[in-house]
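The values are calculated or read from the model by the stated rules, or taken from the named source; none is laboratory data. Source: prediction; values computed, not measured. Positions of Cβ are generated from backbone atoms using ideal geometry, with glycine treated the same way; all protein chains shown enter the neighbour counts. Accessible surface areas use protein heavy atoms only, side chains included; no ligands, DNA or RNA. Shrake-Rupley method; radii C 1.70, N 1.55, O 1.52, S 1.80 Å.
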Amino acid sequence: MQVPDARVVVFTRARRFAPDFHRHILRGRVVGQTVRPGDRVLVYEVAETIPEGAVRVTRSTLLEFR
């Protein structure tokens, strides 16, 4: 089964302390990776993906932080 490319991945803070520079580091870590809701990356958790489920993050994927 092939994993679709993500259009949008929404992240929420898994920890209260999440400096803005972590967002830049996160982008470098997730591009090319497969993520799904519930996965943790650094101090963030994947809250939602479009399309739903497991997706592959590309350079064109919109990463949202809530």
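Carbon-plus-sulfur accessible fraction, the stretch 8-65 (probe radius 1.4 Å, protein heavy atoms only): 47%.
If a paramagnetic tag sat 7 Å from the Cα of D5 along the Cα-Cβ line, which residues of the stretch 26-59 would have the backbone N under 15 Å from that point? Output list for this probe position: 31-34, 50-51, 55-59. On the basis of the beta-carbon distance and an R0 of 25 Å, E64 and R29 show a calculated FRET efficiency of 0.95. Of the GluC sites (Glu not before Pro) found in the chain, those in coil by DSSP whose Cβ has at most 11 other Cβ atoms within 10 Å are E52. By how many degrees, between 0 and 90 and to the nearest 10, does the Cα long axis of helix 21-30 differ from the longest principal axis of the chain? On a 0 to 90 degree scale, this one is about 20.
About the centre of its Cα atoms, the chain shows a dipole size close to 240 debye [charges on the beta carbon of Lys, Arg (+1) and Asp, Glu (-1) only; nearest 20 debye]. When the charge dipole of the chain is built from unit charges on Cβ atoms (+1 for Lys and Arg, -1 for Asp and Glu) and taken about the Cα centre, the candidate among M1, G32, F21 whose Cα reaches farthest toward its positive end is F21. Label zone (V43, point 7 Å along Cα-to-C-beta; backbone nitrogen cut-off 16 Å) within the stretch 1-32: 11-27. Across the stretch 35-46, computed HN-Hα scalar couplings (Karplus, 6.51 cos²θ - 1.76 cosθ + 1.60, θ = phi - 60°) run 10, 8, x, x, 5, 10, 9, 6, 9, 10, 10, 6 Hz from first to last residue, x flagging Gly and Pro. Computed over all pairs of different Cα atoms, the Kirkwood value for the hydrodynamic radius of the chain is 11.6 Å.
Solvent-accessible surface of the stretch 8-65, averaged per residue with a 1.4 angstrom probe and all protein chains in place: 63 square angstrom. Just need the relative contact order of the chain here, percent rounded to a whole number, with Cα pairs under 8 Å and 6+ apart. That works out to 52 percent. Among 34-43, 6-15, the peptide with the highest mean count of other Cβ atoms within 10 Å heads the list, and the full ranking is 6-15, 34-43.
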